[in-house]
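Okay, structure first, notes after.
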Amino acid sequence: MSISLMIESWNLGEDLTRVERGLWELADILAPQVAAANAQVAITHRGLPERARALIERTFETSITWVELPECAGYYEHKNRGFDATTGDVVAFLDGDCLPALAWLSSLVHPIESGEAKVAAGLTTYPGDLAPLANQLDFPYFERGPGRVRNFFANNVAFAREVFAERRYPTIEPMFHGQCQVLGLQLLAENIAIQFAPRARVTHAWPADLSEWLEVRLLKGADTVSLLPYVVATYAPRATSVVEKLGAIPALAILGLRAVTGTLAALRGKRVIKGLGLVAAVTLLDAIGAAAAPAVYRRIG
């Protein structure tokens, strides 16, 4: 099977210096993995200078298929358009702000190459002492039998080409980053298994500054409201109309339950005070985002 690696640089922001630095760091880590897999590399960007692209290609030690997109293109458009530029039988997706482990690529594509699955989900984690707690809040994986999960995150996943080509990430306005969960629900409904590949580990960067963190949290809260109807339609379709009438209340209840489990996890952790502070801040901002979802999407979505 031929392998393609698709990297989006949308998550690195609009500062081209930061984009170049982030992609160079990825290239330095991934070059041996790409060579071992003889993988095609495709990277999306928003006007990265030719000089920077040439430097990144030299670091990768392979030619790169560059996909330039307009400033208005969003995260999932980068994913879909980047996929269109790939040719591999298996396509691995990685975000520009995620640092992969040394054997990430081979670990991620192995379940598909071996015929075990058509979709493989890697393990995404934050760095630092609060990572286990932060992962529980932002990157939970829900089991579906031995070695399988019900969901994946778009920053660390691989697809058999035909599976993604026939579905792709849906366009759902004004949703921020919940589209991968919607696609996961579609795979679940179609009984397409997602194999969990925990050795395919990537470390997801924290937001660059407080302003970015606040925006992301508000948008994640708003996405809780936007995503919930899809979850209910999959697991409890008869309750769909009731949930829709209740507005943000069910989403707020879910955030409250997450706060309880997060608090218990924080109390068991090594950094109790910091952990409790993280849970409180995340819950508060996510709840504000959920309660004011339409306004949040209008202002910062």
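The values are calculated or read from the model by the stated rules, or taken from the named source; none is laboratory data. As the structure is a computational prediction, the values presented were derived from the model and not from experiment. Cβ coordinates were reconstructed from backbone atoms using ideal geometry, including for glycine residues, and neighbour counts include every protein chain displayed.
A few notes on this one:
- If you go through the range 186-207 and keep only what is touching a Leu at 6+ places or on another chain (Cβ under 9 Å) and over 18 Å from residue 90 (Cβ atoms), you end up with 198, 201, 203, 204, 205, 207.
- Where residue 192 falls short, out of the listed (1) in a loop (DSSP other than H, G, I, E, B); (2) within 18 Å of the chain's Cα centre (by Cα): (2)
- Contacts under 6 angstrom Cβ, first residue in the range 212-239 being farther than 15 Å from residue 151 by Cβ and in the same structural domain as residue 253 (by TED's automatic domain parsing), partner among the hydroxyl-bearing types (Ser, Thr, Tyr) and crowded, with 18+ Cβ neighbours inside 10 Å, 6 or more apart: 222/297
- Considering only residues in the range 153-167 that are part of a loop (DSSP other than H, G, I, E, B) and over 19 Å from residue 205 (Cβ atoms), the one that is farthest from the chain's Cα centre (by Cα) turns out to be 166.
- Subset of the range 4-43 that is touching a Gly at 6+ places or on another chain (Cβ under 9 Å) and part of a helix (DSSP H, G or I) - its residue that is surrounded by the fewest Cβ atoms within 10 Å (Cβ to Cβ): 16
- Scanning the range 107-131 for residues that are of a type in the set (A, V, I, L, M, F, W, C), under 30 Å from residue 278 (Cβ atoms) and outside any loop (DSSP other than H, G, I, E, B) turns up 108, 120, 121, 123, 131.
- Flag for residue 142 being in contact with a strand residue (DSSP E or B) (Cβ under 8 Å, 6 or more places away or on another chain), surrounded by fewer than 19 Cβ atoms within 10 Å (Cβ to Cβ) and not acidic (Asp, Glu): yes
- Filter result for residue 253 (surrounded by 16 or more Cβ atoms within 10 Å (Cβ to Cβ) and small (Gly, Ala, Ser)): no
- In the range 150-161, the residues that are charged (D, E, K, R) and free of Cβ contacts under 8 Å to residues at least 40 places away in the same chain: none
- Considering (1) surrounded by fewer than 18 Cβ atoms within 10 Å (Cβ to Cβ); (2) more than 27 Å from residue 207 (Cβ to Cβ), the lone condition that residue 49 does not fulfil carries the number (2).
- Flag if residue 282 is without any contact (Cβ under 8 Å) to a residue 60 or more places away in the chain and either surrounded by 15 or more Cβ atoms within 10 Å (Cβ to Cβ) or not assigned by TED's automatic domain parsing to the domain that holds residue 143 (or both): no
- Test: residue in the range 218-232 that is outside any helix (DSSP H, G or I) and under 18 Å from the mean Cα position of the chain (by Cα): no
- Here residue 61 fulfils each of the conditions (1) surrounded by fewer than 22 Cβ atoms within 10 Å (Cβ to Cβ); (2) on the phi < 0 side of the Ramachandran plot apart from (2).
- Identity of the residue in the range 174-189, more than 15 Å from the chain's Cα centre (by Cα) and either surrounded by 21 or more Cβ atoms within 10 Å (Cβ to Cβ) or in contact (Cβ under 8 Å) with a residue 60 or more places away in the chain (or both), that ends up nearest to residue 158 (Cα to Cα): 187
- Filter result (touching a helix residue (DSSP H, G or I) at 6+ places or on another chain (Cβ under 7 Å) and either within 19 Å of residue 104 (Cα to Cα) or crowded, with 22+ Cβ neighbours inside 10 Å (or both)) within the range 157-173: 158, 160, 164
- Matching residues, the range 130-149, being of a type in the set (A, V, I, L, M) and without any contact (Cβ under 8 Å) to a residue 60 or more places away in the chain: 131, 149
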